[in-house]
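Handing you a structure now.
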């Protein structure tokens, strides 16, 4: 908001920046979306946490999910995070997966005038580098 | 907090809000201290407590509060730092009250100071942001409030003219506030608001704060000590509620709900009040819709009734419920992470009867709210509510 940021390249995810997220990125590289589940309660959670959001314990596992969901909310980004200047305008959305978590993602293959809250969407992948597939969504 | 009025706020100070003013957070804080000492006539050696807010300009220094003591020549017996963003100011008053009651100190300088628009290197918030926010490109608060506004519109309907009214009401107040940032001290119309460009649709530029520099603070002591010190004026904190990471573990929490639904009733109960008893309100305003949600969640109106409440209530300094009478952060400028103190200090100023041409009549009490932090895919991380009352 304050001043024009210096032009930098689009930020790449820093794997394992705050906890061990390698299982997520390994699966993503193979085109699979995995999220954490609490083994004590069976509850899913996103983004990755080092403890269960239900119990506070570390009894967690990664499971593949369907990649099906719907738009919970959306916005058109005109004032982007630094490194995304060349992409504006672009769609960001909170997508609610049918498994019961919400992901903050880009929406692709969709025009602003066609986005609706509740619209069914499905997983697609954005290849950010040889190593990194990033989850995104498109109309189902 | 309780309604026994054993704690008093006996002074306040505030710098002018400037855009890239060039002065450091230390110098800005010094101006606030100087103002408070001049206003109260109290010897600076009576200050034995410091509660200071984290900043965007100095927080990379892990000894920020300690250096501030050294720079200002203070030797407190109790030093405390608050990383609650815009909730740090009111949060510091509640913490100072607890420390004073526990005998750890007698007189606390509560200060927030930030030269965010002058500084160039912001502290990195880190955590999940490198992996799950920055690659998506959603821009911090602006993006999150775009998502929040869209969802609110979907669930309840939102009248743009209500936000336009808020924008104009606050701007008129800023025009009467010499401490407001000069760049913002120009009149705007509701039409200007409606035509303002989208920064994160449906969020507009004129929904948003402009990051500036500035500092503000208050002096807190026990009422007993205030009398001994010969304090000329005093008001009292009588109700306080705070919550961080409201419903944070709930994966499908409704993002149009906030911690004010807990913090508001708690503060009101302690103060033995209902929203109808509140004379004026200084709500935290990083974005206009935050004000609307605050009014709903604290119970000034029902869920989804915020637009109509705003349209049907005179929120000007002369009105039924005066709101952000110094312009709020949106029209006075947001002095970085000292932003929460801007509306707090205005509440104190009004209750001291020193608000000049924008003075509220019968300023018997005031509610101040704070918001801090932007979590993943939600609204905000910290909500707090403080109620102040005259003696």
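Read-outs: derived from the displayed coordinates by stated rules, not from any lab. Fair warning: this is a prediction, and the values are worked out from it, not measured in the lab. Positions of Cβ are generated from backbone atoms using ideal geometry, with glycine treated the same way; all protein chains shown enter the neighbour counts.
Return the distance in nm (one decimal) between the two label points of a simple spin-label model at residue A:132 and residue B:34, each offset 7 Å from Cα along Cα→Cβ.
So the two model labels end up 4.7 nm from each other.
For q = 0.17, 0.20, 0.28 Å⁻¹, what log10 I(q)/I(0) does the stretch A:18-65 give under the Debye formula with an equal point scatterer on each alpha carbon and no solvent?
Relative scattering, expressed as log10 I(q)/I(0), comes to -0.44, -0.59, -1.04.
Follow-up. If you wrap a convex hull around the C-alpha atoms of the stretch B:85-162 and split its volume per residue, what is the figure in Å³?
Working: hull volume 17.1 nm³, N = 78.
Spelled out: Cα convex hull of the stretch B:85-162, divided by residues, is 220 Å³.
As a footprinting exposure proxy, order B:307, B:120 by other Cβ within 10 Å, with the fewest listed first.
Lowest to highest Cβ neighbour count: B:120, B:307.
Also, quick follow-up: Give the calculated FRET efficiency between residue B:364 and residue B:20 to the nearest 0.05, with a Förster radius of 35 Å applied to their Cβ-Cβ distance.
Values: r = 39 Å, r/R0 = 1.11.
It comes to 0.35.
Subtract the Cα-Cα distance of residue A:85 and residue A:19 from 0.36 nm times their separation in residues, and report this length gain in nm to one decimal.
Stretched fully, the residue A:85-residue A:19 segment lengthens by 20.9 nm.
Further question on the same structure: At 7 Å along the Cα-to-beta-carbon direction for both residue B:391 and residue B:183, put a label point, then send me their distance in nm to one decimal.
4.3 nm
Over chain A, calculate the relative contact order: mean separation of alpha carbon pairs under 8 Å at least 6 apart, over the residue count, as a percent.
The value is 21 percent.
Can I ask one more? Report the dimensions of the stretch B:57-96 along its three principal axes from the alpha-carbon atoms, largest first, rounded to Å.
25, 24, 13
How are the C-alpha pair distances of the stretch B:216-343 spread across 5 Å bins, as whole percents from the shortest bin up?
Computed distribution, short to long bins: 2, 9, 15, 19, 21, 17, 9, 5, 2, 1, 0.
With everything on Cα atoms, drop me the angle between helix B:88-101 and the longest principal axis of chain B, reported from 0 to 90° to the nearest 10.
In chain B, helix B:88-101 runs at an angle near 30 degrees to the longest axis.
I would also like to ask the following. To make sure I understand, if each residue's beta carbon is the centre and we count other beta carbons within 10 Å, what order do B:228, B:165, A:111 fall in, fewest to most?
With the fewest neighbours first, B:228, B:165, A:111 line up as A:111, B:228, B:165.
How many times 2.2 N^0.38 Å is the alpha carbon radius of gyration of chain B?
Working it through for chain B, the quotient is 0.91.
Between the stretch B:49-122 and the stretch B:343-380, what is the separation of their alpha carbon centroids in Å?
19 Å
Can you sort A:119, B:56, A:19 from fewest to most other Cβ atoms within 10 Å of each residue's own Cβ?
So the residues, fewest neighbours to most, are A:19, A:119, B:56.
Oh, and also: Quick one: P(r) of the stretch B:132-240 from all Cα-Cα pairs, 10 Å bins, percents rounded to integers, in order of increasing distance.
Per 10 Å bin, starting at zero, the Cα-Cα P(r) for the stretch B:132-240 comes out as 11, 28, 26, 21, 11, 3 percent.
Quick check on the stretch B:277-372: what does the Kirkwood estimate of hydrodynamic radius come out to from the alpha carbon pairs, in Å?
13.3 Å
Per-residue ellipticity at 222 nm for the protein assembly as shown, helices alone: DSSP H runs ≥ 4 residues times -39500 (n - 2.57), over residue total, nearest 500 deg cm²/dmol?
Mean residue ellipticity at 222 nm (helix-derived): -8000 deg cm²/dmol.
Also: At 7 Å along the Cα-to-beta-carbon direction for both residue B:197 and residue A:98, put a label point, then send me their distance in nm to one decimal.
Each label point is offset 7 Å from its Cα along the Cβ direction, giving 4.2 nm.
When the convex hull of the Cα atoms of the stretch B:238-294 is projected onto a plane and the area is averaged over all directions, what value comes out in nm²?
4.5 nm²
Quick one: compute a quarter of the convex hull surface over the Cα atoms of the protein assembly as shown and quote it in nm².
On the way: hull surface 93.1 nm².
If I average the Cα hull's projected area over directions, I get 23.3 nm².
Further question: May I ask you to list the residues of the stretch A:38-63 whose amide nitrogen lies under 16 Å from a point 7 Å from Cα along the Cα→beta-carbon direction of residue A:26?
Only A:60-63 pass the distance filter.
Once you have a ≥ b ≥ c as the square roots of the Cα gyration tensor eigenvalues for the stretch A:66-140, tell me rounded if a/c is under 1.5, and otherwise prolate or oblate according to whether a/b is larger than b/c.
Taking the square roots of the gyration eigenvalues as a ≥ b ≥ c, the stretch A:66-140 is oblate.
With all distinct Cα pairs included, what does the Kirkwood hydrodynamic radius of chain A come out to in Å, to one decimal, could you say? Please report the intermediate quantities before stating the final value.
Details: mean 1/r = 0.0614 Å⁻¹.
For chain A, inverting the mean 1/r across all distinct Cα pairs yields 16.3 Å.
Tell me, how many Å apart are the Cα centres for the stretch B:154-192 and for the stretch A:61-140?
When both Cα centres are located, 33 Å separates them.
Now for a separate question. Give me the percent relative contact order of chain B, please, defined on Cα pairs under 8 angstrom at least 6 residues apart.
27 percent
Next question. Give the calculated FRET efficiency between residue A:68 and residue B:5 to the nearest 0.05, with a Förster radius of 60 Å applied to their Cβ-Cβ distance.
Details: r = 58 Å, r/R0 = 0.96.
Between residue A:68 and residue B:5 the formula returns 0.55.
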